[in-house]
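See below for the structure under consideration.
The values are calculated or read from the model by the stated rules, or taken from the named source; none is laboratory data. Please read all numbers here as calculations on a predicted model, not as lab measurements. Cβ placement follows ideal geometry from the backbone for every residue including glycine, while neighbour counts extend to all protein chains displayed.
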Amino acid sequence: MTSDRASWASRVGFVFAAVGSAVGLGNVWQFPFQTGQNGGAAFLVVYLGVVLAIGFPAMLTEFVLGRRSQRNPVDAFAALGGGRWRVAGGIAALAAFWILSFYSVVGGWVIRYVVGSATGAYFDAPTTYFSEVAATGPDAVAFHLVFMAVVVAIVAGGVEDGIERSTKLMVPSIVVLLVALAVWATTLEGVDAAYAYYLSPDLATVRANLASILPSAVGQAFFTLSLGMGAMITYASYLGEDDSLPVDGGVIVVLNTLVGLLAGFVIFPILFALGVDPGSGGAGTAFVTLGGAFAQLPAGRLLGTVFFVVLLLAAVSSAISLLEVTVSVAVENTAWSRRRAAGTLGGACAVLGVPSAFGHLAWFNAVAYELLLPLSVLGVTLYVGWVLADDATAELERGASVATPSTAWLWFVRLVVPVGIGLTLVLGVQSLLVRAGVLTEAVLLA
Ligand code: PHE
């Protein structure tokens, strides 16, 4: 199988696919919801710091591992002589599978909002429609199954063309639509308060809430950059020598962060205008606010339909890469055909998603954010930083068109990233225990 592995037709093919993977529900749904839940600007500063100091260097470790090994995330370690480290690849594949289960439920909500925009179903009660109608129950399961079926069908058919084409359309359209909505949002009542909430961090708040902000910020950075799930390892394994990993990584990080920031410029003003407390919206934040906006806007049905169709494209292109991770592991390690692997794994993942469609999504999300993603990124960075070491810097420099501070990067990967993640893990476990009622309150950094 490895002899006839796919590769990207062009350098932009990789960048497009990686951006397609990164830009998704994480930016438009998850980012505003995490920001709202964690106090607005206080979260935003920590999150941006984490993207730069942990997310970007960690993304380069996945690129280095993928391109050097030319293997799927589980076999990548063994191929470079680190057989025991396969566990890290296994956690990554598990994380991809776990996340797809609830990602697909949210994808189902998006499909429902496409329909609901076209028919105006939520226009009379945009604030209650989400929680009372869309979020949970048998219908939510049905829409989740439809979303998963689409993803399975695309992955079963092989992905390269589809991903590249849909990303070329999706990224520019999502940026244009979000900019238009953000401009409209400046006219809303309460916009100044919304900007203050979103953009003026108060350091005392940051300090007081660091124990909960940090794990969420790290989890959000990994989720939105598609790290810790093997997706970037897989995509980089199809890369040739003449690509510049630091430049490609920089483009992906900047574009992806921009889309998330833009979503905040749309969602927070609408929340304030609707009089909804940003911390209270939970997983419904994006749907309630966007629904509220389309219900008021002229040509709201048309605009809403277009917007949610574009969001659906973004969600599908991310979900494809999530399923592709486990499918590539299965196909390269068993006698299964691609179709069979996609059908079986997608089906099993659909079943795992059912509890999320019945109201348990927050728990699945927290396990992914606070446990699986940090663990898996930690494994990859320790391996690349301490085991690959000089090979890693050589790989980073190979084909780099710009001067690469690879030694500085290596030390970031060896020290800063693991320390950050280690702290996150401890805090994350603490917050899971608090959530489960084992601990009554946080003790560390409290
Ligand atoms: N980054 C994607 C998003 O923000 C989610 C994702 C993670 C997709 C990992 C693929 C792999 O929606």
Item to check | Residues that are out of contact with any helix residue (DSSP H, G or I) (no Cβ under 7 Å at 6 or more places or on another chain) and of a type in the set (Ser, Thr, Tyr), drawn from the range 187-223 | outcome: 187, 195
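Do we find a residue being under 18 Å from residue 30 (Cα atoms) and away from the ligand (no atom under 16 Å from the Cβ) anywhere in the range 237-250? Can you show your working first?
Restricting attention to the range 237-250, the residues satisfying the condition of being under 18 Å from residue 30 (Cα atoms) are none.
No: zero hits.
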Checklist entry - Among the listed residues 287, 268, 308, which satisfies the condition of being more than 26 Å from residue 78 (Cα to Cα), in a helix (DSSP H, G or I) and more than 16 Å from the ligand (Cβ to nearest atom)? => result 268
Next on the checklist: For the condition away from the ligand (no atom under 16 Å from the Cβ), assigned to a helix (DSSP H, G or I), more than 18 Å from residue 267 (Cα to Cα) and at pLDDT 90 or above, what is the one hit in 302, 323?
Outcome noted: 302
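Report yes if some residue within the range 95-109 is touching a Leu at 6+ places or on another chain (Cβ under 8 Å), in contact (Cβ under 8 Å) with a residue 24 or more places away in the chain, aliphatic (A, V, I, L, M) and closer than 30 Å to residue 390 by Cα; otherwise report no. Full working, then the answer.
At the first step, the residues of the range 95-109 found to be touching a Leu at 6+ places or on another chain (Cβ under 8 Å) are 95-103, 105-108.
Of the ones still in play, those that are also in contact (Cβ under 8 Å) with a residue 24 or more places away in the chain are 95-103, 105-108.
Within this subset, residues satisfying the condition of being aliphatic (A, V, I, L, M) are 95-96, 99-100, 105-106.
Filter once more, keeping what is closer than 30 Å to residue 390 by Cα: 95-96.
Yes, the conditions are met somewhere in the range 95-109.
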Checklist outcome for this item: Taking the range 326-363 and the residues there that are hydroxyl-bearing (Ser, Thr, Tyr) and buried (at least 24 other Cβ atoms within 10 Å of the Cβ), the one that is farthest from the ligand (Cβ to nearest atom) would be 356
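Just to be sure before I move on: is residue 308 more than 17 Å from the chain's Cα centre (by Cα), under 24 Å from residue 169 (Cα atoms) and among the aromatic types (Phe, Trp, Tyr) in the structure I sent? Steps first, answer last, please.
Numbers: more than 17 Å from the chain's Cα centre (by Cα): yes; under 24 Å from residue 169 (Cα atoms): yes; among the aromatic types (Phe, Trp, Tyr): yes.
Yes: the conditions hold for residue 308.
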Checklist entry - Only one residue in 145, 178 is in a helix (DSSP H, G or I), touching a Phe, Trp or Tyr at 6+ places or on another chain (Cβ under 8 Å), in contact (Cβ under 8 Å) with a residue 12 or more places away in the chain and closer than 30 Å to residue 323 by Cβ. Which one? => result 178
Checklist entry - Residues in the range 15-27: is at least one more than 28 Å from residue 306 (Cα to Cα) and either at pLDDT below 95 or hydrophobic (A, V, I, L, M, F, W, C) (or both)? => result no
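Residue-wise test of (1) touching a residue at least 24 places away in the same chain (Cβ under 8 Å); (2) within 13 Å of the ligand (Cβ to nearest atom); (3) under 26 Å from residue 388 (Cα atoms).
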{"residue": "10", "(1), (2), (3)": "no, no, no"}
{"residue": "26", "(1), (2), (3)": "yes, yes, no"}
{"residue": "39", "(1), (2), (3)": "yes, no, no"}
{"residue": "45", "(1), (2), (3)": "yes, no, no"}
{"residue": "53", "(1), (2), (3)": "yes, no, yes"}
{"residue": "56", "(1), (2), (3)": "yes, no, yes"}
{"residue": "69", "(1), (2), (3)": "yes, no, yes"}
{"residue": "72", "(1), (2), (3)": "yes, no, yes"}
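When you scan the range 91-106, do you find a residue that is over 28 Å from residue 259 (Cβ atoms), touching a Gly at 6+ places or on another chain (Cβ under 6 Å) and either assigned to a helix (DSSP H, G or I) or more than 16 Å from the ligand (Cβ to nearest atom) (or both), even just one?
Taking the range 91-106 and keeping what is over 28 Å from residue 259 (Cβ atoms), we get none.
Among the residues of the range 91-106, not one is over 28 Å from residue 259 (Cβ atoms), touching a Gly at 6+ places or on another chain (Cβ under 6 Å) and either assigned to a helix (DSSP H, G or I) or more than 16 Å from the ligand (Cβ to nearest atom) (or both), which makes the answer no.
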Checklist entry - How many residues does the range 170-221 contain that are surrounded by 16 or more Cβ atoms within 10 Å (Cβ to Cβ), farther than 24 Å from residue 290 by Cα and of a type in the set (A, V, I, L, M, F, W, C)? => result 6
Item to check | Criterion (of a type in the set (Val, Ile, Thr) and closer than 30 Å to residue 140 by Cα) met by exactly one of 380, 351, 413, 384 | outcome: 351
